[in-house]
Amino acid sequence: MKKALFLLLVFSLTGIAFGYTEVLTYLKGHPETDAIVLDWQSGVETGVKSYAIERSDVKTNSFTEIGSITATGNNSTYHYRDVAVNGAATNNSASGHLSPLSDLFKYRIRLNYDNAVSYSQSIQVTRPSAGVKRTWGMIKEMFR
């Protein structure tokens, strides 16, 4: 009986010590007119100090921090707008030239604790399309 209780305690503590990635209940992303919007919700935020938003071009798979949000407490929802994806360029370190960002990005959330970090799963989001914005006058002209 003591051995079973000891093993249960060890597995429980291991889950607490290494269960960082279970903090987020969801992470979603979608394109808007001028940005990519990320939304996520936390579960229990024990020890979480902040969330760092990281983006990667799917071609390089090299994540870079693009923003940070301070943790506000258990079961909180968070929202981040990445406006840099439209018209922005990235530094191509091999050639030293700026090249346009791709049309598909990966995002992940880095959870920052006092003495540790963990990462959410990554999600892929397509860059917003520029599209043609029509004014009322343009629409009326189409029917003349």
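The values are calculated or read from the model by the stated rules, or taken from the named source; none is laboratory data. Owing to the predicted nature of the structure, the values given are computational and were not obtained by experimental measurement. A quick note on method: Cβ atoms are made from the backbone with ideal geometry, for glycine too, and the neighbour counts reach across all protein chains shown. All accessible areas refer to the heavy atoms of the entire protein, side chains included, with ligands and DNA or RNA removed. Shrake-Rupley method; radii C 1.70, N 1.55, O 1.52, S 1.80 Å.
Annotations for the structure displayed:
- Those residues of segment 54-68 which are over 18 Å from GLN121 (Cβ atoms) and modelled with pLDDT of 95 or more, in sequence order: GLY67, SER68
- Per-region count, segment 42-72, residues in a strand (DSSP E or B), open to solvent by less than 50 Å² (accessible area, probe 1.4 Å) and not polar (S, T, N, Q): 9
- Among the residues of segment 105-118, those that are hydrophobic (A, V, I, L, M, F, W, C), surrounded by 13 or more Cβ atoms within 10 Å (Cβ to Cβ) and out of contact with any Lys or Arg (no Cβ under 7 Å at 6 or more places or on another chain) comprise ILE109, LEU111.
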